[in-house]
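Enquirer: Structure provided below as structure tokens; questions to follow.
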Amino acid sequence: MDSYLNNVSLLLLLLLVTPLALAQTKVGFYSSSCPKAESIVTDTVKKHVKSNTAVAPGLLRMIFHDCFVHGCDASILIDGSDTEKTAVPNLLLRGYDVIEDAKTQLEAACPGVVSCADILALAGRDSTVAVGGLTYKVPTGRRDGLVSLASDTANLPRFTDSVSVQKQKFSDVGLSAQDLVTLVGGHTIGTVACQFVSYRLYNYTGAGDVDPSIDSAFVSTLKSLCPQNGDGNKRIALDYGSGDNFDNSFFKNVQNNRGIMESDQSLWQDSTTKNFVRRFIGIRGLAGLTLNVEFGKAMIKMTNIGVKTGTDGEIRKVCSKIN
């Protein structure tokens, strides 16, 4: 009798574990169901980036903001009066038209097969390749989420976060300090509005002062880019001097106290993250890291946060609407 009960218990355990084991993404998920899925996304991203290079960093930021809320389930794409898209941290996101363009083509080729979440993950890879990054294989098989609430964006990393807060937010979703530094290295491309920088130049502590972490010789340059009482919507490169190239110059700027955003510069103020910054720069005596290689690894890890697979979620017909 005990043997019988043990066998039954083992069977029940297997039944419980097996779906979880199978609920994983994999490279080539659409090889049979939609063979042209990846090429359609790639060609669509290339077309849009060629027309507007700002699309590349826009897509990266969108994926980042999607994956940190409910996991990578394309909930960021859903329209509505109180969805993630309407939350303050997401108001300036760009690239929705790229995803919808790819989705329209995929629905024509393979109706109801390719998820919006997978389109986002693939577009992240293709956007960096379009501006000089190395390609990498993206595991697919995600399904789209059914919930999108503005209130759930409260824990998104912010531009004023200290490095300790950033490390905690990344740790909360299973990402390491190296992942943090690598993914923030994506700021080697793209721009930021002056409204998110000016406080560091003119009123950092409320006393009309300058953020002391900024290189004193660089302050006048930043002030010329973002004049006091100037246009807060004016955009400047996140990687000063190399904003259009996917390279390691972002880390050199951080080393030289020329990180544009406070959260970026804070990476130099923590021994753990500082060490990774130094390794990306290639400082003698340290095991070097290559952004182009590590970025793909970190993106794969991030885009597998809390994914929905199997029968969880759905495959949206239109990315901005729940079926």
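The values are calculated or read from the model by the stated rules, or taken from the named source; none is laboratory data. Model, not experiment: these values are computed from the prediction. Cβ placement follows ideal geometry from the backbone for every residue including glycine, while neighbour counts extend to all protein chains displayed. Side chains included, ligands, DNA and RNA excluded: accessible areas come from the protein's heavy atoms. Shrake-Rupley method; radii C 1.70, N 1.55, O 1.52, S 1.80 Å.
Enquirer: Read phi for every residue in the stretch 37-44 and hand back ³J(HN,Hα) as whole Hz from Karplus 6.51 cos²θ - 1.76 cosθ + 1.60, θ = phi - 60°, with x for Gly and Pro.
Expert: Those phi angles translate into 3, 5, 5, 5, 5, 4, 5, 5 Hz.
Enquirer: Using the heavy atoms of the protein chains and a 1.4 angstrom probe, tell me the accessible area per residue for the chain in square angstrom.
Expert: Here the residues of the chain average 46 Å² of exposed surface.
Enquirer: Using only the alpha-carbon atoms, what does the stretch 219-323 span along each of its principal axes? Please give whole angstrom values in decreasing order.
Expert: 54, 45, 24
Enquirer: Please state the equivalent ellipsoid semi-axes for the stretch 63-203: what are the square roots of 5 times the Cα gyration tensor eigenvalues, largest first, in whole Å? Each step should come with its number before you reach the end.
Expert: Numbers: eigenvalues 141, 67, 52 Å².
Square roots of five times the eigenvalues give 27, 18, 16 Å.
Enquirer: On the principal axes of its Cα set, how long, how wide and how thick is the stretch 126-181? Give whole Å, largest value first.
Expert: Dimensions of the stretch 126-181 along the principal axes of its Cα atoms: 31, 31, 20 Å.
Enquirer: As a test of understanding, state the convex hull volume per residue of the stretch 38-137 from its alpha carbons, in Å³. Walk me through the numbers before you get to the answer.
Expert: Details: hull volume 10.1 nm³, N = 100.
Output value, Cα hull per residue: 101 Å³.
Enquirer: Taking the chain as the region of interest, what is the percent of Cα-Cα pairs per 10 angstrom bin, listed from the shortest bin to the one with the maximum distance?
Expert: For the chain, the pair-distance distribution reads 6, 25, 32, 22, 10, 4, 1, 0, 0.
Enquirer: Take the cross-link list 137/308; 103/297; 50/169; 169/274; 274/297 and give me the ones stretching past 27 Å between alpha-carbons.
Expert: Beyond 27 Å: 50/169.
Enquirer: Just to confirm the filter: which chymotrypsin sites (Phe, Trp or Tyr not before Pro) across the stretch 194-226 are DSSP coil and have at most 13 other Cβ within 10 angstrom of their Cβ? Mind showing how you got there, number by number?
Expert: Numbers: sites: 196, 199, 202, 204, 218; in loops: 204.
Passing both the DSSP loop test and the Cβ count: no residue.
Enquirer: Ignoring ligands, DNA and RNA, please state the percent of accessible area on the chain from carbon and sulfur, probe 1.4 Å.
Expert: Using a 1.4 Å probe with all protein chains present, the chain comes out at 55 percent carbon and sulfur.
Enquirer: Given 25 °C and 0.890 mPa s, compute D for the stretch 46-104 with the Stokes-Einstein relation, Rh being the Kirkwood radius over Cα pairs; round to the nearest whole µm²/s.
Expert: 206
Enquirer: Quick check: pseudo-label points 7 Å beyond the Cα along Cα→Cβ at residue 137 and residue 202, how many nm apart are they?
Expert: 5.2
Enquirer: Consider just the alpha-carbon atoms of the stretch 78-137 and return their Rg together with their Dmax, both in angstrom.
Expert: For the stretch 78-137, the Cα-based Rg and Dmax read 13.5, 38 Å.
Enquirer: With equal scatterers on the alpha carbons only and no solvent term, can you work out the Debye log10 of I(q)/I(0) for the stretch 161-249 at 0.21, 0.23, 0.25, 0.26 1/Å?
Expert: Summing over Cα pairs of the stretch 161-249 leads to -1.12, -1.18, -1.21, -1.23.
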